[in-house]
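Okay, so here's the structure we're looking at.
The values are calculated or read from the model by the stated rules, or taken from the named source; none is laboratory data. Keep in mind that this is a model prediction, so the values were computed, not measured. For neighbour counting, all protein chains shown are included, and Cβ atoms are generated from backbone atoms with ideal geometry for every residue, glycine included.
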Amino acid sequence: MSVRWQSLIVGLACALAGCGGDASQMRFVENSTLAKPVHRKARAVVKTTLEEHFGTPLSSVAWLKLPVKYGRAEGKITAIEEQTLTVEFNAETADLTGFDAAEFAGTELLLISGANQGKSISLTSFNGTTKTFEMSSSEITPVVGDLFVTGGNVLRHGRKLYARHCQHCHGVSGDGDGPTAKYLNPRPRDYRQGKFKFTSTAGPAGKATRDDLRRIVAQGIPGTYMPAFVPMLKDGELAAIIEYVRWLAMRGEVEWQLLGQFKDEYASDRAKKEAKESGGKESEIEKQIDTQLKEFVKSGLSALVDEVAGDLTDKWTAAEEEGAAIIPEVARVADSPESRKRGKDLFYGKVANCVNCHGLAAKGNGAQTEDVAKNLRTGELYPTPGLFDDWDQPVKPRDLTRGIYRGGRRPIDIYRRITQGIKGTPMPGAPKTIKSDEIWDLVNYVLSIPFESPAPKAAPAHSIAGQSGEKGHAN
Ligand code: HEC
Ligand code: HEC
C-alpha cells in the first residue's frame, strides 16, 4: 500500500462556544508589515497558497509534508455493523497520540482502496479499547477490507485549546496580536517568523524543540504576562497545543518566505516606477505583471512552495535531532568565590563585554542602550535610542540584580542563554574564544548578582569595555 496523501481536511467540528467565540473573527490575517510592499496580485497568490495548504482556523488542513504530529493513523476495516466500523491499525503509521472519542467528532476517514477509494466518511467518535469508529450516516458504504487513513485530531484538539487559553494574547493567526496584547509589555510572541527566544538549540537558525515549547507553556515566562499552564493543562493537552503552535509558526514562515520572494519582482509600486522610467502606460504594465504572475503560478509556484516547505521542514526536524541542544563541554564548575570572580572579570572585560549592554551595575542600562540601533530588516535607523528585537519591539537588557530569568533559572538555562544568546534579540552568543569552563564562571557570577551587596561595582577602569564602541550583533 503506497498511497501518498498530501493533506487531509481536519474539519469544522470545533463547536463555536469552545473555539474562542465569534466565528467571524476566526480567520487568519495577512502579515501586513511584510505584505505592504508587495503587489496586490502577488499578495492574493500568497493568500490562496496558504489557504490551500493550511486551510482556515475553522477548517484546517493537515499538510502532511510538514513536521507536525497531526495525529495520523492508517489501517484496514475488519468488521462493519450498522454505523460501527471495527478496524485494525497499521502499526507504523498509527500515531494515536491524543486520540479520544469526543475529539473525533467531525473528522474524516479517507478510504484509499476499493470501490470508494478517494472518498471520505465523516466520523462521530472513536473507541480506543475496542478500536471502533462510529460513522455519521453516510452515502458511502465501505466494505470489510477497505484501507483508510485518518487523523488530524491532535491538531484539532490543539486548536481548540489554543483558542481557549492562548488566542486572546497570541492571536488567531499566532501574530501575537490578540485583543489583550496591546496592554502587555513585553508583547506576546508573534510566532510567524518561526523564531523563539528561549531555546535549547544552537545557532541563530536553531528552532525551538518540542521540549523547549513545552517548558515555556508549562512554566510560563517569569517577569512577563506569559502564564504557566501546569497543572491546569495535562500532558496530552500540552502536546496538542504545542503541535498547533508549531503549525501556526510554519504557516507564518511560509507566508514570510513567499512574500519575501515576491517583494522585489512584484513590488507594489512596480507599474508606477516602470511607467516613469520607460514613459509607458501604467495600465499596460499592470497587464504585463498580471500575465507574468499567471505564468509563474502555472509553472513555478509549486516548486517554490515545495522548496520553502522543505527548507523549514529540515530546520524544525534538525532541532529535534540528537546533538542539536547545547550540551556544555565540561561539567558545571563549582560555584565558589574564585569562580564568581573570574566570571565577573569576564562580564566587565572587553571580550565578553556584557557590561556594554547590561551596565556597570548590571541593571540593564549599559552604554549600548543609549545608541540608536539599525533595523536589520529595513536597513533604517530606529526612531528612538535603545535595543530592538526582530519583531521591532524595544527590548531592554535584563536587569540582572533582580534574579528573574525568562528562559529558566537552572544553571543550564543560563549557560544556554550565554553561549547562544537570545534568539531574535540583540543579546549575542558569547564569543567562541570563551571556553566552556569560563561560561560556567559567568553563570556562577550572573546567579550571584542578586545577592551581591552592595550592588555590583564597576570593575577597575582599565577593563571596562563600555565605551569601546564594539557592538553586540543581532542574529
Ligand atoms: C496573558 C497573555 C498570554 C497568554 C494567555 C499566553 N501567552 Fe504566551 N506569551 C505571552 C507573552 C507576553 C510572551 C512574550 C514574553 C517575552 O518576550 O519574554 C509570550 C511568549 C510565548 C512563547 C514564546 C517563547 C519563546 O521562547 O520565545 C510561546 C511559545 C508562547 N508564549 C506560547 C503560549 C501558549 C501555547 C499559550 C496558551 C496555552 C500562551 N502562550 C498563552 C503572553 C501570553
Ligand atoms: C548587545 C547587548 C547585549 C550584550 C552584549 C549582552 N546582553 Fe545579555 N541581554 C541583552 C538583552 C536585550 C536581553 C533581554 C532579551 C529578551 O529577553 O528579549 C538580555 C538578557 C540576558 C539574560 C537574561 C536571560 C533570561 O533567561 O532572562 C542574561 C542572564 C544575560 N543577558 C547575560 C549576559 C551575559 C553574561 C553577557 C556577556 C557574556 C550578555 N548578557 C551580553 C542584551 C545583551
- Message: Checking the conditions here, which among Phe229, Phe262 is within 15 Å of ligand 1 (Cβ to nearest atom) and either among the aromatic types (Phe, Trp, Tyr) or farther than 30 Å from Arg402 by Cα (or both)?
- Response: Phe229
- Query: Within the range 391-408, can one find any residue that is more than 6 Å from ligand 2 (Cβ to nearest atom), surrounded by fewer than 19 Cβ atoms within 10 Å (Cβ to Cβ) and small (Gly, Ala, Ser)?
  - Reply: yes
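Between Leu360, Leu346, Leu258, which is in a helix (DSSP H, G or I), in the same structural domain as Pro428 (by TED's automatic domain parsing) and touching a residue at least 40 places away in the same chain (Cβ under 8 Å)?
Going through Leu360, Leu346, Leu258 in turn, the sole match is Leu346.
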- Message: With the structure loaded, tell me whether Asn365 is within 12 Å of ligand 2 (Cβ to nearest atom), over 22 Å from Lys432 (Cβ atoms) and either surrounded by 16 or more Cβ atoms within 10 Å (Cβ to Cβ) or without any contact (Cβ under 8 Å) to a residue 12 or more places away in the chain (or both) or whether it fails that test.
- Response: yes
- Item | Looking only at the range 70-96, and only at residues there that are under 26 Å from the mean Cα position of the chain (by Cα) and either at pLDDT 90 or above or not in a loop (DSSP other than H, G, I, E, B) (or both), the one that is farthest from Asn153 (Cα to Cα) | Thr93
- Query: Hey, among His170, His157, His165, which residue is more than 16 Å from ligand 2 (Cβ to nearest atom), touching an Asp or Glu at 6+ places or on another chain (Cβ under 7 Å) and of a type outside the set (Gly, Ala, Ser)?
  - Reply: His157
- Task: Please work out which residue is farthest from ligand 1 (Cβ to nearest atom), limiting yourself to the range 203-226 and to residues that are part of a loop (DSSP other than H, G, I, E, B) and within 14 Å of Ala325 (Cβ to Cβ).
- Result: Gly203
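Here is a yes/no grid of residues against (1) part of a helix (DSSP H, G or I); (2) under 26 Å from Leu34 (Cβ atoms); (3) in contact with a His (Cβ under 8 Å, 6 or more places away or on another chain); (4) without any contact (Cβ under 8 Å) to a residue 24 or more places away in the chain:
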{"residue": "Ala228", "(1), (2), (3), (4)": "no, no, no, yes"}
{"residue": "Arg246", "(1), (2), (3), (4)": "yes, yes, no, no"}
{"residue": "Ala249", "(1), (2), (3), (4)": "yes, yes, no, no"}
{"residue": "Phe262", "(1), (2), (3), (4)": "yes, yes, yes, no"}
{"residue": "Lys273", "(1), (2), (3), (4)": "yes, yes, no, yes"}
{"residue": "Ile285", "(1), (2), (3), (4)": "yes, yes, no, yes"}
{"residue": "Gln288", "(1), (2), (3), (4)": "yes, yes, no, yes"}
- Task: Please find, among Lys195, Lys182, the residue that is modelled with pLDDT of 90 or more and within 16 Å of ligand 2 (Cβ to nearest atom).
- Result: Lys195
- Hey, among the residues in the range 51-67 that are within 17 Å of Gly171 (Cα to Cα) and of a type in the set (A, V, I, L, M, F, W, C), which one's modelled with the lowest pLDDT? Leu58
- Note on the structure: Condition set assigned to a loop (DSSP other than H, G, I, E, B) and among the hydroxyl-bearing types (Ser, Thr, Tyr), scope the range 181-202, selection nearest to the chain's Cα centre (by Cα): answer is Thr199
- Task: Determine whether Asp413 is farther than 27 Å from Tyr191 by Cα and either near ligand 2 (Cβ under 8 Å from one of its atoms) or outside any loop (DSSP other than H, G, I, E, B) (or both).
- Result: no
- Could we say that Asn353 is more than 16 Å from ligand 1 (Cβ to nearest atom), crowded, with 17+ Cβ neighbours inside 10 Å and not β-branched (Val, Ile, Thr) here? yes
- What are the residues in the range 159-191 that are among the hydroxyl-bearing types (Ser, Thr, Tyr) and either touching a strand residue (DSSP E or B) at 6+ places or on another chain (Cβ under 8 Å) or over 19 Å from Gly223 (Cα atoms) (or both), if any? Tyr162, Ser173, Tyr191
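Regarding the range 320-337, can at least one residue be identified that is assigned to a helix (DSSP H, G or I) and either buried (at least 18 other Cβ atoms within 10 Å of the Cβ) or hydrophobic (A, V, I, L, M, F, W, C) (or both)?
No: the range 320-337 contains no residue that is assigned to a helix (DSSP H, G or I) and either buried (at least 18 other Cβ atoms within 10 Å of the Cβ) or hydrophobic (A, V, I, L, M, F, W, C) (or both).
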